[in-house]
1. Which residue out of 61, 46 is under 15 Å from the mean Cα position of the chain (by Cα) and assigned to a helix (DSSP H, G or I)?
2. Go through the residues of the range 2-25 one by one and say whether even a single one is in a loop (DSSP other than H, G, I, E, B), at pLDDT 90 or above and either of a type outside the set (A, V, I, L, M, F, W, C) or over 12 Å from residue 92 (Cβ atoms) (or both).
3. Taking the range 80-96 as the search range and keeping residues that are more than 15 Å from residue 35 (Cβ to Cβ) and not charged (D, E, K, R), which one is surrounded by the most Cβ atoms within 10 Å (Cβ to Cβ)?
4. Given the conditions (1) of a type outside the set (Ser, Thr, Tyr); (2) at pLDDT 85 or above; (3) loosely packed, with under 14 Cβ neighbours inside 10 Å, report the number of the one that residue 55 does not fulfil.
Amino acid sequence: MAEKQKHDGRVKIGHYALGDTLGVGTFGKVKIGEHQLTGHKVAVKILNRQKIRSLDVVGKIKREIQNLKLFRHPHIIKLLDAFSSRFSLQWITVTGIWLSTET
């Protein structure tokens with residue numbers, strides 16, 4: 001279980017400091033994360049526990065996490081870690097290349 005903590009004025013989950021929000025959806029949001037030791041950039045998906053319970057999608061989300069743990073393909077995100085707290089679930093995923101930079 002990883003609780004959110006403050007580190008140098010930034011919210012921290014596990015070994016990752018959270019940055020800007022990349023997107024917002026029905027169940028939560030995706031933020032940029034940076035590993036505190038390596039500086040590696042990742043995407044952190046933060047899901048609101050109340051919302052996923054009220055919409056009865058807990059099983060679907062657990063299956064999605066299990067499937068992402070199994071997949072190894074260059075066109076599918078890689079799940080590095082998953083945490084949970086009283087209020088939310090957090091997934092740490094490797095970011096891929098930006099499509100807009102491809103020629």
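1. Details: 46 fails: assigned to a helix (DSSP H, G or I).
When all the criteria are applied, what remains is 61.
2. yes
3. Initially, the range 80-96 is screened for residues more than 15 Å from residue 35 (Cβ to Cβ), giving 82, 84-89, 96.
This time we only want the ones that are not charged (D, E, K, R), so: 82, 84-85, 87-89, 96.
On the way: 82: 19, 84: 14, 85: 14, 87: 12, 88: 22, 89: 20, 96: 12.
If we take residues in the range 80-96 being more than 15 Å from residue 35 (Cβ to Cβ) and not charged (D, E, K, R), then 88 is surrounded by the most Cβ atoms within 10 Å (Cβ to Cβ).
4. (2)
The values are calculated or read from the model by the stated rules, or taken from the named source; none is laboratory data. In this text, all values refer to a predicted model and were calculated from it rather than measured experimentally. Virtual Cβ from ideal backbone geometry, glycine too; neighbours counted across all protein chains shown.
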